[in-house]
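Notes follow the structure.
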Amino acid sequence: MVGRVPTAGCRWRGWGVMLAPESEEADSFETRQQQRAIEVVRRSRFSAQTICLLILTVLAVFYTLYFAAAIILPIVLALVANLLLSTPMRLLHARLKLPKTLAALTLILCLFGVIGAIGTAISVPAAGWISRAPQTMAAIQAHMAVLRGPLRMIQAANERIDSFLAVVSGRGSGGGHAALLASSAPSGQGGLGMFGSSVLLGTRAFVGQLFTMMLMLFFLLAQGDSLLRRFVEIMPTFADKRRAVQIAYQIERNVSLYLTTITIINVLVGLANMLQCWVFGLPNPLLWGVLAFLLNYIPIIGPLTGIAIYFVVSLFVFPSMLQALLPPMVYLCIHLMEGETITPMVLARRFTLNPVLVMGSLMFWDWLWGVWGAFLSVPMLAVFKIICDHVEVLTPIGHVVGGPTRGPKSRPAAALPETSHEAD
């Protein structure tokens, strides 16, 4: 999802993101932002007390996001979905003259239909694969017999290292710990029971959060403009009002453009993978196409997970290792073609994110909120970048969050007159 357009020198599309069109405007915008950032840094003087208070505030926010995830996560998902559906909402209300409430209800019903169709396409075939899990594992173990010898060597070396460390630390042999782990491992029926209970609890939590998100999304679509208008009205000065409107417009424009474009691209990726599964003879090609579509929203980790799943399924279906490598290799080629050619052509250079921060944001939000956090990592980083670009005090942070520029027009010489003068 979401942050998967490569910058220069990056082979995986998850290492950067670009969200808008005009290259010359992007160059001038980058120069202006760099000049503003330098001026803010020159004027800023933070005391140790201010820095400590800022750190404590950030930690308090993160603790709140973690412990209140059951409440905050559906709201954040509703906000992102509102950005994605803002264009269809405007079309239904302005062009087709539907009342906002009716237009919002129509979009909610359509969204429920899409989620239901995806759930049906995944749940029914997935249940069949889960029921065949014992046979699947036996077939995979038979294919992986060639790796059994090296794996045993690695396991023996690991045991020797553990024994050596146990002797050095004076704890004796590590066999007792291994026996304890072996005895605590769940057996067949117990493991399946625990798995079923966890799936049931996860389904209940998912349905509850989905209902909360849809309810919040309905009110955002129906009354979101009036809420923004009320917020702008309480701004003390006209400059503050204009800045608030600009921030809201940029967030809606850039993030909705990014999400819409990536959704269309992900649909094409899912169709391509469904077609290749049908050509190679993998059962349930619709399941694997939908899975590729969903995993493509998660930068870096999603496609890697999809390749691994395709490889495991191919081991069960095909008789030889070489045949089992074909579907994951085609998956990789589709992903590279999409990330290196299609997405860079569709999304231009106007809005870039630092690839290091994209990866850091992915890891952090995945740890904080799980899969939903990984999906939201890039949109939230993009929103943070837009806010920083329009708030003068945060301009240096926005400049750091911005991605590397490319080409001679993007060089920051204009923003560093003293350095350029000394170089001359």
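Quick check on the stretch 217-277: take the gyration tensor over C-alpha atoms, sort the square-rooted eigenvalues as a ≥ b ≥ c, and tell me if it's rounded (a/c under 1.5), prolate or oblate.
Verdict is oblate for the stretch 217-277.
How far, in nm, would the chain grow between residue 52 and residue 115 when pulled straight, counting 0.36 nm per residue and subtracting the alpha carbon separation?
18.2 nm
Could you tell me whether the stretch 227-343 comes out rounded, prolate or oblate from its Cα gyration tensor? Rule is a ≥ b ≥ c as square roots of the eigenvalues, rounded for a/c under 1.5, then prolate if a/b exceeds b/c, otherwise oblate.
Verdict is prolate for the stretch 227-343.
Starting from the Cα-Cα distance between residue 75 and residue 238, subtract it from 0.36 nm times their residue separation and give me the gain in nm to one decimal.
So the extension gain works out to 55.7 nm.
Determine ³J(HN,Hα), in whole Hz, for all residues of the stretch 248-254 in sequence, where each value follows from phi through the Karplus function 6.51 cos²θ - 1.76 cosθ + 1.60 and θ = phi - 60°; x replaces Gly and Pro.
Once rounded to whole Hz, the list reads 4, 5, 5, 4, 5, 5, 5.
Rank the residues 252, 392 as a footprinting-exposure proxy: fewest other Cβ atoms within 10 Å of their Cβ go first.
With the sparsest Cβ surroundings first, the list reads 392, 252.
Sequence-distant or interchain residues sharing an amide H contact under 5 Å with residue 353, placed H: which?
Close amide H contacts, sequence-distant or interchain: 17, 403.
No value in this document is a laboratory result; all are computed from the given coordinates. These numbers come from a predicted model, not from an experiment. Heads up, the Cβs are rebuilt from the backbone with ideal geometry, glycines too, and the neighbour counts pull from every protein chain shown.
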